[in-house]
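Working notes, beginning with the structure itself.
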Amino acid sequence: MSRLKDKYANSIRAALQKEFDIKNPMLIPALEKIVISVGTGESSKDQKVLQNMADTISLIAGQKALIVNAKKSVAGFKVREGFPVGIMVTLRKEQMFAFLDKLISIALPRVKDFRGLPRTGFDGRGNYNFGLQEQLMFPEVEYDQILKTHGMNITVVTTTNNDKEAFKLLELFGMPFAKGK
């Protein structure tokens, strides 16, 4: 059992149940999944760079990443149906907790001038979104192996529909939010 999963089972569940006065234990907020996604942009034209980006995300996530193709053509964006437009990986269960632990304890502290994650990333349904500027903060990524630096969007999906409960859940996990209101 991972460290964060154990922490959730032993202390976070009880703290959330007490703070929000939840009677039904099935309604206690929990993590459902974490989605890591990257828009390929101009890199979609170069198959070697695209594959390198997919390999990097797979290495970071610990699970094979999928190359997502466009479902329909959009002339304004110069995208045709079937062209690669992104890379994504969905983490659940053990991989999700392992990635979150690595993100909180190793990767985010390595960001230069890091002041915390924005508190405004909640979507009104208990999910949290934030972006990272580059992939080099993860310990698995070797600078010499990267063809092009790229950022990524990380979405943390929770079982609650309330942003306040989701914020408290992530805060108890140790997510470093920026100071403020």
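The values are calculated or read from the model by the stated rules, or taken from the named source; none is laboratory data. Just so it is clear, the model here is predicted, and its values are computed rather than measured. Note: ideal-geometry Cβ built from the backbone for every residue, glycine included; neighbour counts use all protein chains shown. Calculation scope for accessible area: heavy atoms of the full protein, side chains included, ligands and nucleic acids excluded. Shrake-Rupley method; radii C 1.70, N 1.55, O 1.52, S 1.80 Å.
When the stretch 43-61 is examined, which residues are found to be without any contact (Cβ under 8 Å) to a residue 40 or more places away in the chain and open to solvent by 60 Å² or more (accessible area, probe 1.4 Å)?
Lys45, Asp46, Gln47, Gln51, Asp55
Of the residues Lys23, Lys48, which is out of contact with any helix residue (DSSP H, G or I) (no Cβ under 8 Å at 6 or more places or on another chain) and part of a loop (DSSP other than H, G, I, E, B)?
Checking each option against the conditions leaves just Lys23.
Could you grab me the full set of residues in the stretch 73-122 that are of a type in the set (Asp, Glu) and either open to solvent by less than 90 Å² (accessible area, probe 1.4 Å) or within 12 Å of the chain's Cα centre (by Cα) (or both)?
Glu94, Asp101
Out of the stretch 88-112, which residues are within 18 Å of Met152 (Cα to Cα) and acidic (Asp, Glu)?
Once the filter is applied, which keeps residues that are within 18 Å of Met152 (Cα to Cα) and acidic (Asp, Glu), the stretch 88-112 yields only Asp101.
Looking only at the stretch 129-172, which residues are over 23 Å from Leu59 (Cα atoms), open to solvent by less than 50 Å² (accessible area, probe 1.4 Å) and touching a strand residue (DSSP E or B) at 6+ places or on another chain (Cβ under 9 Å)?
Thr158, Asp163, Glu165, Ala166, Phe167, Leu169, Leu170
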